[in-house]
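The structure appears right after this line, and notes come after that.
The values are calculated or read from the model by the stated rules, or taken from the named source; none is laboratory data. Here the structure is a predicted model, which means the values were calculated and not measured. Reconstructed Cβ throughout: ideal geometry from the backbone, glycine too, with neighbour counts over all protein chains shown.
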Amino acid sequence: MDSPEPFKVMDCSLVRCPTGRSCANLRELRDAIQTVPEAVIEHHMMRCALEDHFALYEFPNDLALWCWNALGDHLLAEHLGVVDPYQHPDIATLREHLLDYIDDRLWSLDRVPWCRGGLELHLVQSRLVSYDTGERISTPAALVDAVDRMSSRSLFYHVHEARRRSGGTTDDFSLWFEDLGVDPEAVRRLRAIDFYFLNLQQLREELLAVFQECLMDPLDRKGTRR
Amino acid sequence: MNLLDQYEQVVGHWEIERLRRLGERLAGKRIVHVNSTKSGGGVAEILGWMIPLMRELGMDVSWEVIQGPPEFYRVTKALHNGLQGFPVALRQRDYALHCEVNRENAQRLDVQADVVFVHDPQPLFLPHFTPKDRVGKWVWRCHIDASRPNRAIWKHLEKGIADYGAAIFSMAAFTRPLRCPMYLIPPSIDPLSDKNCALSETERLATLSQTGIDADRPLLLQVSRFDRFKDPLGVIEAYRLLKPYYPELQLALAGGPADDDPEGAEVLDEVRTRAADDKDTKVLLLPPDAHRAINALQRSAIIVLQKSLKEGFGLTVTEALWKGKPVVGGASGGIALQVHDYHTGFLVYSPPGAAYRIRYLLRYAEKRQRMGKTGHIFVREHFLLTRHLRDYMTMLLDLEQPDGKVLAV
């Protein structure tokens, strides 16, 4: 299947900016979440995916992981672990949601959980620098090859960041398939991938599995480069 | 073959292609790095590879080195230690000397550029003495832990930092609040350097033979200075707890003396005394340029330890992971960023903890190998110099538009 508009492969890099602020106990975390710039919450809840490469990590965001590992507050960690930031319309709503969980937890505790020295949560904000790799994909089958070898940062850009750009509705791959008129089942299955709870390698495997199962045509496997 | 092509063999075509794309956006940009020495030390090592690569990617990059009398370097050594929180006492005239040498160098050095990176505190006051129209943006690159500096030293340095447009640190834990924007760029290793390149089996075995290590028996290794913060005595204690279960086990503690630590010789003596009654424990005092020997030892180890009580980034951990070795490391500094329980090794908090985790790894060869493989991939993704270079380049792009949430270039 030829496409008049080839898929443009993008890559991105994270510019991480420490705030110089850190948290050593749950109350400090609560105060930080209330006052830090939105980019800090965005980094620790979403962009931290770019730093996680381990299949067995229990939690998809820094806050849940820190509560589990450093504070030893497993109950709160479990709550924060199921917060899906991509289901929130904006960071302000997400902030309110996180504060609500933490306030609930603080309310129920006799003592504020704290971490030992060296395990503080150092707050970071980040910006994403995206750039065109120059690679163009002209067929769905060629996209299978491209996804197989593209950087994990490209996957993040085309799935996680695409969700932000599209108001939570779609990733770039399924959008392109839709434009091409590819089987709607493939589009549906791509959009149903629970990407937030996967690390980027797992995400790659899931994408490839959907491609393999839904793209039936024996297509050529060549992309084009500009 | 140019330099980028050589790295392409290690990180793959697409990774280098991405760097070239970023380079296109920065082509012709004039960049100057300033530090205090052309050779010796980690900063010179980084600039040694970074500058040729930046040039190959199209940037106009040069490297300037400040000069000063011996007294200046005594003062800057104290500033360096004070920035890391060690107690140092400097007089007013020492601070004045620091500024004066910076003023002289500002007149001598060619720093006309879009961006000037000033490395560490020695040349920190250059912006203060350089005409404003010569430099687009000054960036302070702090390679050390500045989170808890000596107060008097910080009061002095803070005046110099005020002239910078941005600062870069290796880890979030090394920062403290500053008025200028801060960036995180972790360090990296060079996979083609003597310390990390592939070695022939002949060379590896020759190193073991020279150091008296039996190539046919399992080896535990810690590479570090003989410094209390690296806890070499704790490593020996862990090894001794293991020895009854694994009598064939060997331990090597390899490193150079801590020249700037008056306790270094004392620690080395204690280590030698503690190791004296065990012929399978080798204490190896190696010269600073024994990179290939370190490489051979790391490749020969079954498990690498870095049982530090206090650590900077811990590049010896990165080196071991790159060579496919699981690491048992102290939960401090950058070790905690690299060692992830059950994935790349284990974080430990005591000698018995280290012994217990090593026992686990010795018992389960398959898990050990899997962790080694994961560690290698982890370093390839996060801690090779190509990532380091990409971080610098994206930071340069970000400096041009620091307010965007997502910057498209």
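Condition (residue is under 28 Å from B:H388 (Cα atoms) and assigned to a helix (DSSP H, G or I)) applied to region B:218-235: is it met by at least one residue?
So far as region B:218-235 goes, yes, one or more of its residues are under 28 Å from B:H388 (Cα atoms) and assigned to a helix (DSSP H, G or I).
Can you pull out every residue in region B:350-405 that is within 9 Å of chain A (Cβ to nearest Cβ) and touching a Phe, Trp or Tyr at 6+ places or on another chain (Cβ under 6 Å)?
B:M395, the sole residue that qualifies.
What pairs come up if the first residue lies in region A:154-174 and is over 20 Å from B:W14 (Cα atoms), the second is in a loop (DSSP other than H, G, I, E, B), and their beta carbons are under 7 Å apart, counting only those six or more places apart or on different chains?
That search, which allows pairs on different chains as well, returns A:H160/A:M46; A:A162/A:T170; A:A162/A:D171; A:R163/A:D171.
Filtering region B:1-36 down to residues that are at negative phi and of a type in the set (G, A, S), which residue is nearest to the chain's Cα centre (by Cα)?
Among residues in region B:1-36 that are at negative phi and of a type in the set (G, A, S), the one nearest to the chain's Cα centre (by Cα) is B:S36.
Tell me which residues, restricted to region B:135-160, are in contact with a strand residue (DSSP E or B) (Cβ under 6 Å, 6 or more places away or on another chain) and not basic (K, R). Give the derivation first.
Residues of region B:135-160 in contact with a strand residue (DSSP E or B) (Cβ under 6 Å, 6 or more places away or on another chain): B:135-142.
Once the filter is applied, which keeps residues that are in contact with a strand residue (DSSP E or B) (Cβ under 6 Å, 6 or more places away or on another chain) and not basic (K, R), region B:135-160 yields B:V135, B:G136, B:W138, B:V139, B:W140, B:C142.
Only one residue in A:R149, A:R127 is crowded, with 22+ Cβ neighbours inside 10 Å, of a type in the set (K, R) and at the interface with another protein chain (Cβ under 7 Å from one of its Cβ atoms). Which one?
After applying the criteria, what remains is A:R127.
Of all the residues that make up region B:78-98, how many are of a type outside the set (A, V, I, L, M) and within 21 Å of B:H33 (Cβ to Cβ)?
Qualifying residue count, region B:78-98: 2.
Here are some residues: A:L65, A:L121, A:L75, A:L29. Which one is surrounded by fewer than 16 Cβ atoms within 10 Å (Cβ to Cβ) and of a type in the set (A, V, I, L, M)?
Exactly one of A:L65, A:L121, A:L75, A:L29 is surrounded by fewer than 16 Cβ atoms within 10 Å (Cβ to Cβ) and of a type in the set (A, V, I, L, M), namely A:L75.
Does A:D84 satisfy the condition of being farther than 20 Å from B:L337 by Cα, in contact with a Pro (Cβ under 9 Å, 6 or more places away or on another chain) and surrounded by fewer than 19 Cβ atoms within 10 Å (Cβ to Cβ)? Steps first, answer last, please.
On the way: farther than 20 Å from B:L337 by Cα: yes; in contact with a Pro (Cβ under 9 Å, 6 or more places away or on another chain): yes; surrounded by fewer than 19 Cβ atoms within 10 Å (Cβ to Cβ): yes.
Criteria met by A:D84.
For region B:306-347, what are the residues that are more than 22 Å from B:F174 (Cβ to Cβ), within 14 Å of chain A (Cβ to nearest Cβ) and surrounded by fewer than 24 Cβ atoms within 10 Å (Cβ to Cβ)?
Within region B:306-347, B:D341, B:Y342, B:H343, B:F346 meet the criteria.
Only one of these is closer than 26 Å to B:A172 by Cβ, more than 11 Å from every other protein chain (Cβ to nearest Cβ) and assigned to a helix (DSSP H, G or I): A:L155, A:L143. Name it.
Result of the check over A:L155, A:L143: A:L155.
Determine whether region A:7-15 contains at least one residue that is in a helix (DSSP H, G or I) and touching a residue at least 12 places away in the same chain (Cβ under 8 Å).
No; the residues of region A:7-15 include none that is in a helix (DSSP H, G or I) and touching a residue at least 12 places away in the same chain (Cβ under 8 Å).
Let's see how each residue does on (1) assigned by TED's automatic domain parsing to the domain that holds A:R165; (2) surrounded by 22 or more Cβ atoms within 10 Å (Cβ to Cβ); (3) not polar (S, T, N, Q):
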position: A:G20; (1), (2), (3): no, no, yes
position: A:Q34; (1), (2), (3): no, no, no
position: A:P37; (1), (2), (3): no, no, yes
position: A:M45; (1), (2), (3): no, yes, yes
position: A:C48; (1), (2), (3): no, no, yes
position: A:E51; (1), (2), (3): no, no, yes
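Among the strands (runs of 3 or more DSSP E) lying completely within region B:125-188, list those that include at least 3 residues that are basic (K, R), within 12 Å of chain A (Cβ to nearest Cβ) and farther than 27 Å from B:G48 by Cβ.
So the answer is none; nothing clears 3.
Please enumerate the residues belonging to region B:74-91 that are in a helix (DSSP H, G or I) and surrounded by 15 or more Cβ atoms within 10 Å (Cβ to Cβ).
B:V75, B:T76, B:A78, B:L79, B:H80, B:N81, B:G82, B:L83
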